[in-house]
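Novice: A single structure is presented below for examination.
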Amino acid sequence: MTSAAEIFAAHVSRPLSAPVEANVFAPSNIALSKYWGKRDKALNLPLNSSLSISLGQWGTETRIAPADVDSLVFNAELMAKDAPAAAKVWTFVDLFCGDNRPALAIETTNSIPTAAGLASSASGFAALTAALDAAFQTDLPKATLSMLARFGSGSATRSFWHGFVRWDAGQADDGTDSYAYPIDAALPDFRIAIVAVDTGPKAQSSTDGMTHTVATSPLYAPWPARAEADCAAIEAAVWAGDFATLGQLAEDNALAMHATMMAARPAVTYLKPQSWAVLDTLWAARRDGLQAFATMDAGANVKLIFEDPSTADVQSLFPDAQIINPFEAPPAGSV
Ligand code: DP6
């Protein structure tokens, strides 16, 4: 069986050159057709493909510079090397660099307002992978960066492009065909609203939540085929510029994912009463003609998708929601 270290060694040619300073931005992303379930934990391979929209200027900026000792500063705070989030970063850096790597100063900053309660592992590992590539001048193709970022977090595969992105589950045992690519169809009116419900840390990581769901949920079995079909249908709707079909499919897909979790034993429940209250308000407005749809991930917050002409209506229903235009110009230094 191939190991993570072997995959990195096969793609990142070594010895590495001496690092130079590098600064990279990667956008966060929200899945419209979800990744939920792994077919291989060690290689972090998904059981199904997924499709996302990147969040424009919301993401992570990572700077890497040569240093005398390792340091990791996250949102202006120096992180202990063994803090769980920092340990994940250093493990990834070691995988990328192999043995005898030079010391590095890593500084990473999220442009995502903390109040939005969005996870940052997708943009974080994409920015880290791209910054390592730039710092060591390895000049890897984006598809390879996406494939390697998967070892940090699955959703990071999709954060190397703006707009709509698809991550193919792939079939190879070593996962070298499991990476993302852009769907180059722009829907310039596409908007996202983040309705924050709970901005604290999640009760259960997505890694644990999906592993437990696959292992115990009697409703999981039909999920991978359903998710593949949803991915294909959403991609077709993106190409057709058919927002209504896309939105309804995305909402159905998210609720189906949460249904697999709720049937797990014991149940995995990320949604809170307030999440359901947001959905009730949305569904009532939709019955009155508003074309907006919801999607939820491994947390209680609700993300709405709609088109620009509905912005004022969405804003008046959810005055505190943060509205994102995914097609605005990306920040300097973006992937
Ligand atoms: C519900 O990418 O965070 O957001 O690969 O274990 O790091 P790991 O999981 P992660 O899972 C994301 C799950 C999701 C759906 C999605 O983004 O596709």
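Novice: Any idea what angle helix 223-240 forms with the longest principal axis of the chain, computed on alpha-carbon atoms, 0 to 90 degrees, nearest 10?
Specialist: 80 degrees
Novice: Quick one: if the Förster radius is 41 Å, what FRET efficiency do Thr245 and Gln137 give, using the C-beta to C-beta distance and rounding to 0.05?
Specialist: About 0.40, to the nearest 0.05.
Novice: A further question follows. How long is the gain from Asp99 to Asp70 if the chain were fully straight, where each residue apart is worth 0.36 nm and the alpha carbon distance is subtracted?
Specialist: Result for the pair: 9.0 nm of gain on full extension.
Novice: Report the local net charge at Ala31: Lys and Arg +1, Asp and Glu -1, summed over other residues whose C-beta lies under 11 Å from its C-beta.
Specialist: Result for the neighbourhood of Ala31: +2.
Novice: Rounded, prolate or oblate, given the Cα gyration tensor of segment 1-106, with a/c below 1.5 counting as rounded?
Specialist: Judged from the Cα gyration tensor, segment 1-106 comes out oblate (a/c at least 1.5, b/c at or above a/b).
Novice: Still on this structure, please answer the following. What's the FRET efficiency of Asp288 with Ala332 using the Cβ-Cβ distance as r and R₀ = 45 Å, to the nearest 0.05?
Specialist: It comes to 0.60.
Novice: For segment 146-168 and segment 279-309, write down the distance between their C-alpha centroids in whole Å.
Specialist: 25 Å
Novice: According to the Cα gyration tensor, what semi-axes, each the square root of 5 times an eigenvalue, does the equivalent ellipsoid of segment 143-270 have, listed from largest to smallest in whole Å?
Specialist: 24, 20, 16
Novice: Any idea what % of Cα-Cα pairs in segment 4-182 are farther than 24 Å?
Specialist: Counting every Cα pair in segment 4-182, those more than 24 Å apart make up 32 percent.
Novice: How far is helix 121-135 tilted, in degrees, relative to the longest principal axis of the Cα atoms in the chain, given as a value from 0 to 90 rounded to the nearest 10?
Specialist: 30 degrees
Novice: To continue, here is another question. For Gly241, what charge total do you get from the other residues with a beta carbon under 11 Å from its beta carbon, if Lys and Arg give +1 and Asp and Glu give -1?
Specialist: Net of charged neighbours comes to -3.
Novice: Whole number please: convex hull volume per residue of the Cα set in segment 258-335, in Å³?
Specialist: Hull volume normalised by residue count: 132 Å³.
Novice: Rounded if a/c is under 1.5, else prolate if a/b is larger than b/c, else oblate: which is segment 165-225, with a ≥ b ≥ c the root eigenvalues of its Cα gyration tensor?
Specialist: oblate
Novice: When the chain is fully extended, how far beyond the present Cα-Cα distance does Ala277 get from Ala10, taking 0.36 nm per residue of separation?
Specialist: 91.2 nm
Novice: So what is the relative contact order for the chain, in percent, with contacts set as C-alpha pairs under 8 Å and at least six apart?
Specialist: 23 percent
Novice: Could you work out the equivalent-ellipsoid semi-axes for segment 77-177, taking the square root of 5 times each eigenvalue of the Cα gyration tensor, largest first, in whole Å?
Specialist: 21, 19, 13
Novice: While we're looking at this one, here's another question. Using only Cα atoms, tell me the angle between helix 206-216 and the longest principal axis of the chain; keep it within 0 to 90° and round to the nearest 10.
Specialist: 70 degrees
Novice: Output the Kirkwood hydrodynamic radius of segment 190-324, Cα pairs only, in Å rounded to one decimal.
Specialist: Roughly 15.7 Å, rounded to one decimal.
Novice: For Tyr181 and Thr2, what does the FRET efficiency come to when R0 = 30 Å and r is the distance between their Cβ atoms, rounded to the nearest 0.05?
Specialist: After rounding, the FRET efficiency stands at 0.85.
Novice: Using the basic label-point model (7 angstrom from Cα toward the beta carbon), what is the Asp320 to Thr199 distance in nanometres?
Specialist: For the pair Asp320/Thr199, the computed spacing is 0.8 nm.
Novice: Another question, if that's okay. How much net charge surrounds Thr138 when only the other residues with a Cβ under 13 Å from the Cβ of Thr138 are counted, with Lys and Arg +1 and Asp and Glu -1?
Specialist: Summing Lys/Arg as +1 and Asp/Glu as -1 gives +1.
Novice: Over 23 Å between Cα atoms, which of Lys41/Lys88; Lys38/Lys88; Lys34/Lys272; Lys81/Lys142 qualify?
Specialist: The pairs that break the limit, which is 23 Å between Cα atoms, are Lys81/Lys142.
Novice: Could you work out [θ]222 nm for the chain from helices alone, using -39500 (n - 2.57) per DSSP H run of at least four and dividing by all its residues? Round to the nearest 500 deg cm²/dmol.
Specialist: -11000 deg cm²/dmol
Novice: Taking θ = phi - 60°, what integer Hz values does the Karplus form 6.51 cos²θ - 1.76 cosθ + 1.60 yield along segment 15-26, in sequence order, with x for Gly and Pro?
Specialist: Listing the rounded values in order: x, 6, 6, 4, x, 10, 5, 9, 9, 9, 10, 10 Hz.
Novice: Can you tell me the equivalent ellipsoid semi-axes for the chain? Use √(5λ) from the Cα gyration tensor, largest first, whole Å.
Specialist: One finds semi-axes of 32, 22, 19 Å for the chain.
Every read-out reported here was derived from the displayed coordinates using simple, explicitly stated rules and does not represent laboratory data. In this text the structure is predicted, and so the values were computed from the model without any measurement. All Cβ positions, even for glycine, are placed from backbone atoms using ideal geometry, and neighbour counts span all protein chains on display.
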